[in-house]
Amino acid sequence: MSLTDRSIRREPLSPGLFKGYLGGRGLGVRMLYDRLEPHLDPMSPSNLLIFAVGPVTATSVPTAGRFAVITKSPLTGTVFDSHAGGSFGAHLRRAGYAAIVLEGRSTSPVYLWINDDRTEIRDGSGVWGKDTSVTTSQLLQETDSQAEVACIGPAGEHGVKLAAIITDRHRAAGRGGVGAVMGSKNLKAVVVRGTTKVAVSDEEGLNKTVERARRLIKKNQVTDKSLPIYGTPVLVSLINEHGMLPTFNFQEGTFNDAEGVSGEKLLERFSVRQYHCFGCPIGCGRISRLGGEEVGGPEYESLWALGPECGINDLEWIITANNRCNLMGLDTISVGSTVGCAMELTQKGKLDSSLRFGETEGVLELIDDIAFRKGLGAELGEGSRAFASNHGSPELAMQVKALELPAYDLRGVQGHALGSATSNRGGCHLRSYLIGPEVMGAPVLVDRDRTEGKPELVILFQNLSAAMDSMVLCRFTSFAWSIDDYAEMLTNCTGVRISGPSLLVIGERIWNLERLFNNREGFTSRDDQLPPRFFKPLPEGGSRNRVVHLEEMLPKYYALRGWDKEGRPTKERLKRVGIDKT
Amino acid sequence: MLPTFGAVPMDLTVEKLARMIDHTELKPEAKHEKIKQLCEEALAYRFAAVCINASHVQYAVEMLKDSDVKVACVIGFPLGATLSEVKAYEAKEVVRLGAQEVDMVMNIGALRDKNYDLVKTDMEAVVKAAGDAHTKVILETGFLTDDEKRKACLLAKEAGAYFVKTSTGFGPMGATPYDVRLMRETVGPDMGVKAAGGIRSFKDAIQVIEAGADRLGCSSSVAVVEDFRWAQYSDIWMQHDKPCWTCPSRQANLAKQPKDVYLYYKQRCLTCPDREQNIFND
């Protein structure tokens, strides 16, 4: 769809593209690699913004209502995919689409209304400038109350590099500034209603597989107890006990007031009920009571970023700030981390501001200023790397490839550290969530301090994540399911026989293509680095005296990946994973 | 110097692993529905047995009647401190109701008193009452020194038990490879060794199997066998742990153990060849 001339073209998804890249992230990455000119300004009309679902979306497969947004990130300059739950993805698939590819720029604000097979570009000036909740309500009124909305807030409209796309008011495709790309196209929202049942290849087989998959979720401690009862904030206590809860912009790994911002405390003081995304039996989302109002969240990462990262222990305030970010359409992780960075710059006399660790005064207003690009907020909206560099201390930005790192001090987890350094989209915990095996013991507990074997494990999880993101399923299912389970569901849905090992090959193909994209943009091994703080030991807590041993793991990682010393895939490896053919 | 990786035993499959597991539910609050689920899972995965409390035996026997999944029932559980007559009566009754295996808790205090006659006659009473049903004797290793464990194993063997078993799951320690190895070395190859308590992952399971266990008691059986499918994708799962991770001395807990037993374990740390690795508790 061109937003420049408002032309719409429908293309069938080629079987080769599906077999090679499945959908979601993989499909989007392939399109971006093929269609984007190198070194393109991510905010230019030529950048593509892709909303994509996967081959199991809107089927009975648990958690299959998600969607992925794929674009070139204005924050990182890398290829980027950002995912959200809710039900938007299910509607998009039921309307008949594997992906919507948006290019160009509208001359005035618009929104897209997809009502099954009818698609309209509508005037969006009535919601331009409105927050994401008001926008959602108004667009549902203008279209269909049963529809789903994915929209940007003021942050996306103003091209803030930390801008998210919000669906169902509090589920965010949060990271990498995907909302800014949407705003650069003058696209306020995509509204979709899909009602056509999605056919699968083997209904009976899928029923059996799904029954088993649901049973496994019920049998798993994490997916049946911890997440449903506490939501993702269950991690606060666990990660703090390990001395890995980043505090005061990663200066410390233990937050003295962790109990006050824990999942347990959230349950006692503010939780109203669980929130389930489409088809999800886990229900890790929270609805919290704030004053007389019910608001979404907070998730663990958001709670950390707006709390311990900034030294803040006021849970009610954290919920308020989280809600403000959702309304403004901002990535909570990057906002919290960038504010934390500013607090440390102030602490160290590098920045003249009123920001202080542990103090909330003025921060809510600052969040608004970030969204509207005002004053200090305008600077912060460029992300922590640009901000810290501008103030002469780039080392104080806790980021990889300009994406702010989430809520795990990497000194306490060697494998997770390697995964973060080599992530194709920058500082991300989900490309290879080694917190599972290194901290939570899922599927088994491995020694978090050892470096031996970690490159192999990171690669396994990166490949699996790429495949899961291309099926567009929730990461939490992997606590309960093994690789073979994903492959079986995919086979049932599509009729294409895919084994566990072949699913990992697809993941590896996607990972390598992302790497090629980033190499083409100029990224090298120098970008697979961590902030210098991680090479100095934590002073106290459960991860004291530890540093990241990246220098031991990275060469092994490249060798196992089949990449050269600069982190570039070799021809042999590309041939082996089938990129040359596709 | 430990090798970097261990290995999954070459001939171990998901099915074989399942056939070594007693799928266990012994919590006092377990409702009828839970036992139903336990039996259904045992049938689906073909576990060796379900291991349950006496009040559920009749129902489980009915659920499993046309299968090769056995019903194992605990006796004198979890303290083992009741009268031998009561244990014998309990064993006789559950066997009459259809239990094919009984897991009795030995008289732990008597063993610590070195009242070996009482310990042995207690075991013999249950073995006799169980008749054709196989008796497993739970030592509750967390209350014992190594010498006491060895003695208990020998008494169980003399009393005619089929298995010695590490723990109840309610005591101070779960099964450790160290204890399983000690028990296997003591009873020899012709008697069963059941590892029970704290086996939550396939790695835990494989470690005690390698140490000599031929039966495992798990309440996380489904996760153990399901997660075993991950083994094919990486060798790192079987990477050797820090020695302390699986050592009984690390599990020692003064709040749960007699002072002398606790100190017995902790004093071993002082002379342990791996003591330099014992810095942090993770």
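The values are calculated or read from the model by the stated rules, or taken from the named source; none is laboratory data. The structure presented is a predicted model; accordingly, all values stated were derived computationally and were not measured. Because the Cβ atoms are built from the backbone with ideal geometry, glycine has one as well, and the counts that use them run over all protein chains shown. Heads up: the accessible areas ignore ligands, DNA and RNA and are worked out on the full protein's heavy atoms, side chains in. Shrake-Rupley method; radii C 1.70, N 1.55, O 1.52, S 1.80 Å.
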* Structure fact -> Label model pair residue A:390, residue B:68: point-to-point distance (7 angstrom along the Cα→beta-carbon line) in nm is 7.2 nm
* Asked: Residues of the stretch A:175-203 with amide nitrogen under 12 Å from the 7 Å Cα-to-Cβ point of residue A:116?
  -> A:193-197
* To do: Using only atoms on other chains, find how many Cβ atoms lie within 10 Å of each Cβ of peptide B:237-243 and report the average.
  => 4
* Structure fact -> Computed, not fitted: 222 nm per-residue ellipticity of chain B from DSSP H runs ≥ 4 (each -39500 (n - 2.57)), nearest 500, equal to -12000 deg cm²/dmol
* Asked: Spin-label point model (7 Å from Cα, Cβ direction): what's the residue A:196 to residue A:316 distance in nm?
  -> 5.1 nm
* Ignoring ligands, DNA and RNA, how much accessible area is buried between chains B and A, both sides summed, with a 1.4 Å probe, to the nearest 100 Å²? -> 2500 Å²
* Structure fact -> With every protein chain kept in place and a 1.4 Å probe, chain A has an accessible area per residue in Å² of 33 Å²
* In the stretch A:419-458, which residues give up 10 Å² or more of accessible area once the other protein chains are added, compared with their chain alone (1.4 Å probe)? -> A:443, A:444, A:445, A:446, A:447, A:448, A:449, A:450, A:452, A:453, A:456, A:457
* Would you mind checking which residues have amide H under 5 Å from residue A:280's amide H? H placed 1.01 Å from N; only 5 or more apart, or other chain. => A:63
* Structure fact -> The correct pair for the stretch A:331-407, radius of gyration to one decimal and Dmax as a whole number, both in Å and from Cα atoms, is 11.1, 31
* Cα to Cα, under 19 Å, and not fewer than 8 places away if on the same chain: which lysines meet these conditions relative to residue A:218? -> A:208, B:27, B:31, B:34, B:36
* **Residues in the stretch B:251-282 occluded by at least 50 Å² - accessible area, probe radius 1.4 Å, against chain by itself** => B:280, B:282
* Span from the the stretch A:266-316 Cα centroid across to the the stretch B:152-206 one, whole angstrom -> 45 Å
* Residues of type lysines that residue A:130 reaches as a straight line, Cα spacing below 24 Å, ignoring anything fewer than 8 places off in the same chain -> A:161, A:185, A:188, A:374
* Mind listing the long-range amide H neighbours of residue A:252? Cut-off is under 5 Å, sequence gap 5 or more, other chains count too, H placed in the peptide plane at 1.01 Å from N. => A:247
* If you roll a 1.4 Å probe over the heavy atoms of the protein chains, what accessible area per residue do you get for the stretch B:17-81, in Å²? -> 44 Å²
* Asked: So what are chain A's ellipsoid semi-axes, whole angstrom, largest first, if each one is the square root of 5 times an eigenvalue of the alpha-carbon gyration tensor?
  -> 31, 28, 24
* Asked: Across peptide B:223-235, what mean number of C-beta atoms from other chains lies inside 10 Å of a residue's C-beta?
  -> 6
* Structure fact -> Working note, the stretch A:106-160: Cα radius of gyration (Å, one decimal) and Dmax (Å, whole number) are 11.1, 33
* **Spatial separation of Cα centroids for the stretch A:114-161 and the stretch A:453-529, in angstrom** => 32 Å
* Please give the solvent-accessible surface of residue A:119 in Å², to the nearest 10, using a probe radius of 1.4 Å with every protein chain present. => 30 Å²
* Asked: Using the alpha carbon gyration tensor of chain B, what are the three equivalent-ellipsoid semi-axes (square root of 5 times each eigenvalue), largest first, in whole Å?
  -> 29, 25, 15
* Mind checking B:159-168 for the average number of partner chain beta-carbons within 10 Å of each residue's beta-carbon? => 0
* To do: Could you state how much accessible area residue A:317 has, in square angstrom rounded to the nearest 10, with a 1.4 Å probe and all protein chains kept in place?
  => 30 Å²
* Over the stretch A:466-582, with every protein chain in place, what whole percent of the accessible area is carbon and sulfur at 1.4 Å, could you tell me? => 53 percent
* **Sulfur and carbon atoms: percent of accessible area, the stretch A:248-354 [1.4 Å]** => 43 percent
* To do: Once you have the Kirkwood Rh of the stretch B:176-282 from its Cα pairs, apply Stokes-Einstein at 20 °C and 1.002 mPa s and quote D in µm²/s.
  => 140 µm²/s
* May I ask for the distance between the Cα centers of the stretch A:363-424 and the stretch A:547-570, given as a whole number of Å? => 24 Å
* Asked: For labels at residue A:356 and residue B:115 in the simple 7 Å Cα→Cβ model, what's the distance in nm?
  -> 6.8 nm
* Structure fact -> Taking placed amide H atoms and a strict 5 Å upper bound, the residues 5 or more places from residue B:217 or on another chain that come that close are B:22, B:195, B:196, B:197
* **Where N is the number of residues in the stretch A:130-247, Cα Rg divided by 2.2 N^0.38 Å** => 1.44
* To do: State the percentage of accessible surface on the stretch A:1-116 attributable to carbon and sulfur atoms; use a 1.4 Å probe and exclude ligands, DNA and RNA.
  => 49 percent
